[in-house]
1. Return yes or no: is residue 359 touching a residue at least 24 places away in the same chain (Cβ under 8 Å) and surrounded by fewer than 20 Cβ atoms within 10 Å (Cβ to Cβ)?
2. If only one of 272, 226 is of a type in the set (A, V, I, L, M), in contact (Cβ under 8 Å) with a residue 12 or more places away in the chain, in a helix (DSSP H, G or I) and crowded, with 24+ Cβ neighbours inside 10 Å, which one is it?
3. Looking at (1) crowded, with 22+ Cβ neighbours inside 10 Å; (2) at pLDDT below 95; (3) more than 25 Å from residue 179 (Cα to Cα); (4) β-branched (Val, Ile, Thr), which is the only condition residue 34 fails?
4. Pick from 334, 343: which is over 17 Å from residue 179 (Cβ atoms), of a type in the set (Asp, Glu) and under 23 Å from the mean Cα position of the chain (by Cα)?
5. Give me the residue from the stretch 362-377 that is part of a strand (DSSP E or B) and either more than 21 Å from residue 189 (Cβ to Cβ) or in contact (Cβ under 8 Å) with a residue 40 or more places away in the chain (or both) and, out of that set, farthest from the ligand (Cβ to nearest atom).
6. Take the residues in the stretch 280-312 that are outside any helix (DSSP H, G or I) and of a type in the set (Asp, Glu), then tell me which one is farthest from the chain's Cα centre (by Cα).
7. I need a count of the residues in the stretch 327-342 that are acidic (Asp, Glu) and either more than 7 Å from the ligand (Cβ to nearest atom) or in a helix (DSSP H, G or I) (or both).
8. For residue 381, state whether it is more than 24 Å from residue 243 (Cβ to Cβ) and either among the hydrophobic types (A, V, I, L, M, F, W, C) or away from the ligand (no atom under 16 Å from the Cβ) (or both).
Amino acid sequence: MKVLVINCGSSSLKYQLIDSVTEEMEAKGLCERIGIDGRLTHQTTGKDKYVVESPMPDHKAAMKLVMEALLDADHGVIGSTDEIGAIGHRVLHGGPTLTTPMLVDQHVKDVIRDCFDLGPLHNPANLMGIEACEDAMPGKPNVVVFDTTFGMAMEEKAYLYAIPYEYYEKYGVRRYGFHGTSHMFVSREAIKFGGLKPDAKVIVCHLGNGASISASIGGKCVDTSMGLTPLEGLIMGTRSGDVDPAVVQYICNKEHRDVNDVLNILNKKSGMLGMSGVSSDFRDVEAARQEGSHRSEVALEAFRYRVAKYIGAYTAAMNGVDAIAFTAGVGENDKNARKLICDYLGYLGVVIDDEANNVRGKNAVISAPESKVKVMLIPTNEELAIARETVALAQ
Ligand code: AMP
């Protein structure tokens, strides 16, 4: 079966067509500037990129162009939409009730809408993507895979905030965790690739522009660093991660701003960008460090220090760790970051093999044979994980 995987943002629509038997990607593309003007970049595997500049007033118009690109005689990959067996959608927030991947029906769409205030940037776009696909391919099964699913396995002691219980009961205020599809994929892949026992204790470090870390046993989440929203946890490109909530009130008072302004600052102007004053991109911050920027050096050190602290906490939470897996932009490409984070972990008996660590973007064991914990690089593949879940439900 061919599965079309869709990932919608507020003004973008990313897609991949995946053959579920070979698990190969057959085509991929991106619609940008939806609602502004519109550009589609499409690539069928093995062929040149194909760019269409065309008005895209909404996600439905974008989806129509995606179907035309997939069916195009020269640049496309399918002869008819009948070849697409199902569509899988990445959805940010399933709230407290949608805890597993689901076949889309009216109830599922209603709950995604009910969660708009939990995922104000993503859930409305995700729903538009689903409705655009229902329009473009009536009758095909649509499956939603939530970024929150993995974290829903956490126990109460890990997911409850120590605030009045009524806010959990009334509004679902709890820790959900995000990047769940990535953590699920990488933790399972680490067990398989690392030849670990099925109930292995694995810590996954998803280190990219958005960054999060998870602890899981046998692929089941014990804890993960993001919370009610993707703001909690590690230092990220523009997000602060953990801060004392009193910081919000203090800045509000000092700068005469309201809570929404300060939350916007914590989401969009903090993290590596705020600390370094240079950029949210780790490569730019590293370049500035090499030119002598002290703030950039501290930002990079603080990022690694926080990852190492969480690894320690998660090792305690699981009473041990069998493997640590690095993934996402920094985790897959930056050997120095991996090495410097692991330098904190001597007490766990972690030993990195510098030669093995000189690797990018492919499954690899980067620890030395004598290391007490297996350290791995496992590239994430959220689209493939969504395609697998979609096939399981659509068949
Ligand atoms: P992601 O959000 O997973 O796409 O990751 C994006 C981040 O990965 C950006 O901040 C990049 O600077 C960072 N990144 C990508 N390649 C490298 C590299 N070779 N060294 C350091 N950081 C990298």
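The values are calculated or read from the model by the stated rules, or taken from the named source; none is laboratory data. All of these numbers come straight from a predicted model, not from anything done at the bench. Note that we place each Cβ from the backbone using ideal geometry, even for glycine, and neighbour counts take in every protein chain shown.
1. Numbers: touching a residue at least 24 places away in the same chain (Cβ under 8 Å): yes; surrounded by fewer than 20 Cβ atoms within 10 Å (Cβ to Cβ): yes.
Judged against the criteria, residue 359 is a match.
2. Values: 226 fails: in a helix (DSSP H, G or I).
Testing whether each residue is of a type in the set (A, V, I, L, M), in contact (Cβ under 8 Å) with a residue 12 or more places away in the chain, in a helix (DSSP H, G or I) and crowded, with 24+ Cβ neighbours inside 10 Å leaves just 272.
3. Checking residue 34 against (1) crowded, with 22+ Cβ neighbours inside 10 Å; (2) at pLDDT below 95; (3) more than 25 Å from residue 179 (Cα to Cα); (4) β-branched (Val, Ile, Thr), the one that fails is (3).
4. Numbers: 343 fails: under 23 Å from the mean Cα position of the chain (by Cα).
Of 334, 343, the one residue that is over 17 Å from residue 179 (Cβ atoms), of a type in the set (Asp, Glu) and under 23 Å from the mean Cα position of the chain (by Cα) is 334.
5. Residues of the stretch 362-377 that are part of a strand (DSSP E or B), as a first pass: 364-365, 367, 374-377.
Remaining after also requiring either more than 21 Å from residue 189 (Cβ to Cβ) or in contact (Cβ under 8 Å) with a residue 40 or more places away in the chain (or both): 365, 374-377.
Numbers: 365: 20, 374: 22, 375: 18, 376: 17, 377: 12 Å.
It comes out as 374.
6. The first filter runs over the stretch 280-312 and keeps only residues outside any helix (DSSP H, G or I), leaving 280-281, 291-293.
From what's left, of a type in the set (Asp, Glu): 281, 291.
Working: 281: 17, 291: 31 Å.
Once the filter is applied, the top-ranked residue is 291.
7. The initial filter retains those residues of the stretch 327-342 that are acidic (Asp, Glu), namely 332, 334.
Subset that is either more than 7 Å from the ligand (Cβ to nearest atom) or in a helix (DSSP H, G or I) (or both): 332.
The number of residues fulfilling the criteria is 1.
8. Working: more than 24 Å from residue 243 (Cβ to Cβ): yes; either among the hydrophobic types (A, V, I, L, M, F, W, C) or away from the ligand (no atom under 16 Å from the Cβ) (or both): no.
No: the conditions fail for residue 381.
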